[in-house]
Amino acid sequence: MPHAITFEKISRSFSGYTAVDGIDLEIGAGRFVSVVGPSGCGKSTLLNLAAGLISPTKGTVSVFGSTLAGLNRRAAYMFQQDALLPWKTVLENVGLGLRFRGTFTEEKARQWVDRVGLAAFADKFPSQLSGGMRKRVAMAQCWIVDPDILLMDEPFSALDIHTRMRMEGELLDLWTGSPKTVLFVTHDLEEALSLSDEVVVLSAGPASRIIARHLIDLPRPRDLMDIRTDPRFGELYREIWAQLKQEVLT
């Protein structure tokens, strides 16, 4: 099977500022890959390139072996800030993607509302939900359309640590055993280690590049409440942080 996403000699500039330069990265189908790096290093730029929201200045983005032209129809995007429509209920927000595709059924929307634990809140509006509940709605929005690829841009960064860990666990529960590929951007190295098969480290910008790729050989399934006490977790953290801190301090 072709790789889910391939960045080949990718560069992207904005009004003379080069965000990323010379990026070569292959992301295998069904893998969970996180990208870490200093603020402003182009992590979100890579997600936007993979989504087809922007085009590379140089190089090629491919999706399952085909050059990406326009929007990536095989991907769903979960942003840092949820994009829920405030005038629609939980049920309506969850089913929004199906409506855009002309395939909406209330039964399927309710199944996903139930699956993310919000059955009792199906008729509530976003303003009536906690931050964690809103993230569950956003996650259901992504999964209900059955994408091959999930692009996630620091989706849990605004949550408190306990809610974040619950959401990370729910994400892994949904992903485990599925064929879906996840490209996940985070500032939190511990989060990247806890979730991923591989962690990609970007240099400081401008013209950010890949400086390291680390396979995360922690066993699955993972208990996110205890994984940080695993000696191998500590080894991986120190190894990656030794590289990352040089870029953070640049």
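Which of the peptides 46-52, 117-123, 154-160 is most tightly packed, and how do the rest follow, going by the mean number of other Cβ atoms within 10 Å of each residue?
Most protected by this proxy first, the peptides run 46-52, 154-160, 117-123.
Expressed as a whole percentage, what fraction of the accessible surface of the chain belongs to carbon and sulfur atoms when a 1.4 Å probe is rolled over the protein heavy atoms?
51
If the chain between R74 and S13 were fully stretched, how many nm would it gain, using 0.36 nm times the residue separation less the Cα-Cα distance?
Working it through step by step, the gained length comes to 19.5 nm.
For the pair A119/R213, report the inter-label distance in nm, with labels modelled 7 Å from Cα in the Cβ direction.
Label-label distance for A119 and R213, simple model: 4.3 nm.
Once the piece of chain linking R99 and R220 is laid out straight, how much longer is it, given 0.36 nm per residue of separation minus the C-alpha distance between them?
40.0 nm
Can you classify region 95-174 as rounded, prolate or oblate using the Cα gyration tensor, where a ≥ b ≥ c are the square roots of its eigenvalues, rounded means a/c under 1.5, and otherwise it's prolate if a/b beats b/c and oblate if not?
Oblate, since a/c reaches 1.5 and b/c is not below a/b.
Report, in debye and to the nearest 20, how large the dipole of region 11-99 comes out about its Cα centre when Lys and Arg carry +1 and Asp and Glu carry -1 on their Cβ.
For this selection, approximately 180 debye.
With each run of n ≥ 4 DSSP H residues scored as -39500 (n - 2.57), what mean residue ellipticity at 222 nm is computed for the chain after dividing by its residue count and rounding to the nearest 500 deg cm²/dmol?
-10000 deg cm²/dmol
At 1.4 Å probe size, put S196, S55 in order of accessible surface, largest to smallest.
The ordering from most to least exposed comes out as S55, S196.
Accessible area per residue, 1.4 Å probe, Å², for the chain: what's the number?
47
Given a 10 angstrom Cα cut-off, can you work out which residue in H187, H214, H162 is the most mobile in a GNM of the chain?
Ranking H187, H214, H162 by mean-square fluctuation puts H162 first.
Between 0 and 90 degrees, rounded to the nearest ten: what's the tilt of helix 161-175 against the longest Cα principal axis of the chain?
Taking Cα atoms only, the helix is inclined about 90 degrees.
The values are calculated or read from the model by the stated rules, or taken from the named source; none is laboratory data. What you see is a predicted model; the values in this text were computed from it and never measured. All Cβ positions, glycine included, derive from the backbone under ideal geometry; neighbour counts span all protein chains shown. All accessible areas refer to the heavy atoms of the entire protein, side chains included, with ligands and DNA or RNA removed. Shrake-Rupley method; radii C 1.70, N 1.55, O 1.52, S 1.80 Å.
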